[in-house]
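Encoded as structure tokens, the structure appears first; notes follow it.
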Amino acid sequence: MTNDELRRLLVETLEEMKKKALDMKIQGVGVAAILNKNESIDWIGEMKVVETPFNFAEGWNLIAIAWSKCGEAMATQADSGDPGHEKILGECGFVGGAYDEYKGYKLAFAFSGALSEEDLEVAKYGIEFIKSRLK
């Protein structure tokens, strides 16, 4: 698929993640990144706000946390938040980022705004959705 096609697919997938989050009665930020087949460094990424990008009452920047989870998943090629992973600068170590490889694509998705388990559920939902659409 072309990078433009993948970007459109990411936008569609994030819309589905938003619906999933709203069905779960949670809000926050979803992010998605994909590395095209035969690429090594040019990740394509998109973001979707679900009701609010910040939780000022508790002091959370949900955008920053979601991208940190996604970045950790990319770097480790595993779901974020593994207590055995030695964090590098920029990583927070939060659960809620998911990683998968499928048909030559590398996928890193994350959600931030709810309980860690709920965030991870939305991220994994996004990965399964995009896998059903990848050629």
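The values are calculated or read from the model by the stated rules, or taken from the named source; none is laboratory data. These numbers come from a predicted model, not from an experiment. A quick note on method: Cβ atoms are made from the backbone with ideal geometry, for glycine too, and the neighbour counts reach across all protein chains shown.
Of note:
- Candidate set from the range 22-56 (those that are of a type in the set (Val, Ile, Thr) and without any contact (Cβ under 8 Å) to a residue 60 or more places away in the chain); member that is surrounded by the fewest Cβ atoms within 10 Å (Cβ to Cβ): Ile41
- Total residues in the range 23-45, condition in a helix (DSSP H, G or I) and either modelled with pLDDT under 95 or within 16 Å of the chain's Cα centre (by Cα) (or both): 0
- The residue of the range 58-89 that is surrounded by the most Cβ atoms within 10 Å (Cβ to Cβ), among those that are within 13 Å of Lys106 (Cα to Cα), in contact with a strand residue (DSSP E or B) (Cβ under 6 Å, 6 or more places away or on another chain) and not hydrophobic (A, V, I, L, M, F, W, C), is Asp79.
- Being part of a helix (DSSP H, G or I) and either surrounded by 15 or more Cβ atoms within 10 Å (Cβ to Cβ) or within 14 Å of the chain's Cα centre (by Cα) (or both) is true of Glu117.
- Check on Leu9, surrounded by 15 or more Cβ atoms within 10 Å (Cβ to Cβ), in a helix (DSSP H, G or I) and not hydroxyl-bearing (Ser, Thr, Tyr): yes
- Listed by first and then second residue, the pairs linking a residue in the range 86-106 that is closer than 13 Å to Ala32 by Cα to a residue that is of a type in the set (Phe, Trp, Tyr), with Cβ atoms under 6 Å apart and 6 or more places separating them unless they lie on different chains, are Gly96/Phe111; Ala98/Phe109.
- The single condition among (1) within 17 Å of Gly113 (Cα to Cα); (2) at pLDDT 95 or above; (3) crowded, with 18+ Cβ neighbours inside 10 Å that Glu15 does not satisfy is (3).
- Checking each residue in the range 47-96 for being at positive phi and among the polar types (S, T, N, Q) picks out only Gln77.
- Take the conditions (1) of a type in the set (A, V, I, L, M); (2) closer than 17 Å to Arg7 by Cα; (3) assigned to a loop (DSSP other than H, G, I, E, B); Ala78 misses just one of them, which is (2).
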